[in-house]
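The values are calculated or read from the model by the stated rules, or taken from the named source; none is laboratory data. Since the structure is predicted, the reported quantities are computational estimates derived from the model, not experimental observations. For neighbour counting, all protein chains shown are included, and Cβ atoms are generated from backbone atoms with ideal geometry for every residue, glycine included.
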């Protein structure tokens, strides 16, 4: 559906529905795998562990949603996200907290707002003009991409281990 300016419009509720679907899907995969397999990298070129993928997605939500749109300070270390490991339970709880914060961020922003911070030139992301709406589309793009990536990773890890989830 297009608005009077020709833009495709998506409500905050619609956006958040799909964000929650992706994050909850990643959390379920981590819980299915358990602490050992969730922290293992599959035998695939340049693959990351499921734990690291969710850690990265939480960094994306915090940086792009919180730092760029709302101006909150962040100490994001993107390379460390992909090396992260630890117990699944605390990360799943942190994911729920990140969803609550992102929902606040989305509901407090409007499409006409300016970004409070500009992205660091070293940050990988869209190379187009960034608006709050465009930033949120990028957040969803990352979440959807890594949810699918994690599904494949789970399947490979289970096959490699010779068993189902722990």
Every pair of residues 6+ apart whose Cβ atoms lie under 8 Å, when the first sits in the stretch 88-110 and is more than 10 Å from residue 23 (Cβ to Cβ) while the second is modelled with pLDDT of 95 or more and part of a loop (DSSP other than H, G, I, E, B): none
Spans of helices (runs of 4 or more DSSP H) in the stretch 34-112 with at least 1 residues surrounded by fewer than 20 Cβ atoms within 10 Å (Cβ to Cβ) and modelled with pLDDT under 95: 78-81, 88-108
Can you pull out the residues in the stretch 130-151 that are exposed (fewer than 15 other Cβ atoms within 10 Å of the Cβ) and either in contact (Cβ under 8 Å) with a residue 12 or more places away in the chain or outside any helix (DSSP H, G or I) (or both)? 151
Test set (1) at pLDDT below 95; (2) over 16 Å from the mean Cα position of the chain (by Cα) - residue 157 fails condition number: (1)
